[in-house]
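Heads up, the thing below is written out as structure tokens.
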Amino acid sequence: MLTMSPNELTIIAAHDGLTAKRFSCRELVDSCLSAIEKKDGELGAFLSVFADHARADALRVDEKLEEREHIGLLEGIPIAVKDVILTQDQPATAASKILHGYEGAYDATVITKLRHAGAIILGKTNCDEFAMGASTENSAYKITKNPWDPERVPGGSSGGSAAAVASHECIAALGSDTGGSIRQPAGFCGVVGLKPTYGAVSRSGLIAMASSFDQIGSFGKTVEDVEIFFHAIRGKDPKDATTVDSQLPITHYQLSKLRIGIPKEYFAQGVDPEVATAVRSAIKKYEDLGVKIEEISLPLSKYALAVYYVLMPSEVSANLARFDGIRYGASVSNPEVRNSEAKLLPRSFASAPSLASAPSLMDVYTKTRGHYFGAEVRRRIMLGVYTLSSGYYDAYYKKAQQVRTLLRHDFARVFKQVNALLAPISPTLPFRFAEKTEDPLQMYLADVFTVSANVVGIPALAVPCPRNDRELPIGFQLMGRPFEEELLFSLGKAYERQISLS
Amino acid sequence: MLTTKEIEHLANLARLELSEAEKERYAKELSGILEFVGQLQELDTTGVEPTAHVTGLIGGSRTDIVQECDALTRQRLLSAVPKRAGDLVEVPAVFTGREFRI
């Protein structure tokens, strides 16, 4: 540990280092900024970096340490934030041209909580545009590379945050998960990722994608780090009426009394044999720990993806209606991007559409949205408009809502028999750039194992399997009952201890 | 298979301007996706309640009182407006007297 540079540490180790005065907070922040400077030109994890602010924050923490004041676990810890979460007076682009130059008018609730806990925000990370995608290739600004193999994607939509943690550009990072957008990049980048129970974490200040699925969660290098982060961001929020006071009493779980269900439908055809092997080794580790393993069935699993791809675009079409070129964001009314210092690196940034004459109101809407929204965003908006439209509403939207109920029943039934489920995160290894961009449906199929947790609203923890330098990352996910994140953390930590012994 | 006319209708509802090439491409892509999600028809959902919301929370209202916005936040919100006249957000006329079409 003495030979590790401060940015390579976990939250706990960095906290110890600060309190034992092995390094200052300024040194910790600088080591992260230095990693970003060295690597991010190639890696592309960050869209904006706040070096001056971060250093000023570090100074305040160092002053506290100087006065021998107690500091909390997250105090002075440098973190990154997915660019769909608002931080006041700083860029929030959702990786879209339509928000180029936009700055958050307020801090998201999770940001307020993290600032209160003393965490230091290094910058905003790259993602698929409006969190739509499974590879971060849909970002309107740049691609992010997988730190393990630069020819491969980091996963998506929170690819930037996953890559930033995996490459030690930051200690931990925030992401959002609507259909797998934290877990899949966590699996692809070899880090831990949590999608909390729907309602556990406030969505106030999260640029909304699909309101009944979205959850903010975190990436970390260890399960314990993700647990610390989760405790800091969860809680009922008067600004988000869908939040629930979720703190259950701390339980000490006896592993031999726990049962993990293995859903057989998740190991059927189409799963890469290397993925299946790695996940089965993880199951074996739990057996070695004395946990009871049971094969269970979730017969409606195959319909979860269809439910998601009806309901999610429907909600998207409503949530993205606000980007109309009137109150904020890019607009054909005023093609100049008026803003202070936007430290973004646009790809080939298309110029504003040429207009024959002054735009009508309809022009402002259709041309702003048509021009500044990317292809995937427009695709999903139109899909959602179709499934909600008169004549199709019952066959698509209402039907999907009903199947959502059936899926919830399926999971509730299974959770009467077992405490948690263990399954692969992705059917494939991290894929190459442009491998799945030809046919949108191919990319949607990447979500096949992750969407169920969002559809039924349960927590899910992505844990990396041990891999050597020549291999690509593979992870597995643990899914639990609503608000039983603590059980998932216990199981995750037990696995980490077990693999550190072998 | 969705027709170009149907895509134009969706684009209008979604307030999106599309090129002819885009209309063709989306017609093909959306048709493929709709076919995929169509598998939900295989299930019998008679009498099943639709789920709009997974937490089961109901109610959750607050008193309808005005909370003044502080000057700094107000400034932030206004400076984000693409086209304004002082403190007013400027928009093209809603009613032009001409036939309203895209």
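The values are calculated or read from the model by the stated rules, or taken from the named source; none is laboratory data. The shown structure was predicted, so the numbers you read here are calculated from the model rather than taken from an experiment. A quick note on method: Cβ atoms are made from the backbone with ideal geometry, for glycine too, and the neighbour counts reach across all protein chains shown.
Quick notes
- In this entry, B:THR55 passes the filter for residues that are closer than 30 Å to A:ALA105 by Cβ and over 22 Å from the mean Cα position of the chain (by Cα).
- Against the criterion of being part of a loop (DSSP other than H, G, I, E, B) and either facing another protein chain (nearest Cβ under 10 Å) or of a type in the set (A, V, I, L, M) (or both), B:ILE7 does not qualify.
- So A:GLU129, is it farther than 15 Å from A:LEU206 by Cα, modelled with pLDDT of 95 or more and of a type in the set (Asp, Glu): no
- Checking each residue in region A:133-170 for being touching a Phe, Trp or Tyr at 6+ places or on another chain (Cβ under 7 Å), outside any loop (DSSP other than H, G, I, E, B) and surrounded by fewer than 24 Cβ atoms within 10 Å (Cβ to Cβ) picks out only A:ARG152.
- Taken over region A:211-241, residues that are more than 23 Å from B:THR51 (Cβ to Cβ) and not basic (Lys, Arg) amount to 17.
- Residues within region A:374-388 that are within 7 Å of chain B (Cβ to nearest Cβ) and out of contact with any Ser or Thr (no Cβ under 6 Å at 6 or more places or on another chain), tallied: 5
- Test: residue in region A:438-461 that is more than 9 Å from chain B (Cβ to nearest Cβ), free of Cβ contacts under 8 Å to residues at least 12 places away in the same chain and either surrounded by fewer than 16 Cβ atoms within 10 Å (Cβ to Cβ) or small (Gly, Ala, Ser) (or both): yes
- B:GLY60 vs. criteria more than 7 Å from chain A (Cβ to nearest Cβ) and on the phi > 0 side of the Ramachandran plot: no
- Selection within region A:55-101 - under 16 Å from A:LEU18 (Cα atoms) and in contact with a strand residue (DSSP E or B) (Cβ under 7 Å, 6 or more places away or on another chain): A:ASP57, A:ALA58, A:GLY76, A:ILE77, A:PRO78, A:ILE79
- Among the residues making up region B:23-57, a single one is among the acidic types (Asp, Glu), at the interface with chain A (Cβ under 8 Å from one of its Cβ atoms) and closer than 19 Å to A:LEU441 by Cα: B:GLU29.
- For region B:1-39, a tally of residues being within 18 Å of A:LEU320 (Cα to Cα) and buried (at least 19 other Cβ atoms within 10 Å of the Cβ) returns 7.
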